[in-house]
Amino acid sequence: MTGALIAAAGSTVLGAAAVTGWHALAGALLRLTYRRVNAGDLRFLARMLSVRVRYEFHGQDHPLAGVYRGRAEVVAFIARLHEAFPGSGFEVGDVAVRGWPWRVVAITWLAENLPLPGREPMRTRLAQRTVIRWGRVTELATVADTMNVQRAFGAVQPPGG
């Protein structure tokens, strides 16, 4: 019934308030997810992901580039990132959200601090597109400064590692 009322409201104040509230909730949920991932709580992340989630990390000449399919593969990818850079963490900047509960699209601007052995931590920026359907993340795509990603992995892995 509520969905029908909101749909019927169209661009009225009721419709705008419902959309604004949902967008604020989705943005807060994304921020919470990043905080939990920073704390190493990958079980929380797993609960947020659809079983058939698809994650694409754009790029070609760095170890993170690729397409990861399914909850287990995406969580394993994030675990690998935490292993390569212990103590790393995301700082969430802007979060732009649009859509309705059946298909929300969020663009998040992030900074990531990567501790490097024997060096100052590296700070890199990235943008992430997230599609959420009925409260579960179904699609992720990350665009990062690939030169920084290559340098960071070069600092923690031997060549060819």
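A few remarks follow.
- Matching residues, segment 55-103, being out of contact with any strand residue (DSSP E or B) (no Cβ under 6 Å at 6 or more places or on another chain) and polar (S, T, N, Q): Gln60
- Residues satisfying the stated conditions in segment 60-73, i.e. assigned to a strand (DSSP E or B) and at pLDDT 95 or above: Val67, Tyr68, Arg69
- Taking segment 41-59 as the range and being surrounded by 14 or more Cβ atoms within 10 Å (Cβ to Cβ) and in a loop (DSSP other than H, G, I, E, B) as the test, the residues that pass are His58, Gly59.
- Pairs meeting the criteria (first residue in segment 35-63 and farther than 21 Å from Val143 by Cα, second residue small (Gly, Ala, Ser) and outside any helix (DSSP H, G or I), beta carbons under 6 Å, at least 6 apart or on different chains) are lacking.
- Looking only at residues in segment 132-151 that are of a type in the set (A, V, I, L, M) and surrounded by fewer than 17 Cβ atoms within 10 Å (Cβ to Cβ), the one that is nearest to Val105 (Cα to Cα) is Ala141.
The values are calculated or read from the model by the stated rules, or taken from the named source; none is laboratory data. Only a predicted model underlies this, so the values are computations on that prediction, with no experimental measurement involved. Every residue, glycine among them, receives a Cβ derived from its backbone with ideal geometry; neighbour counts consider all protein chains shown.
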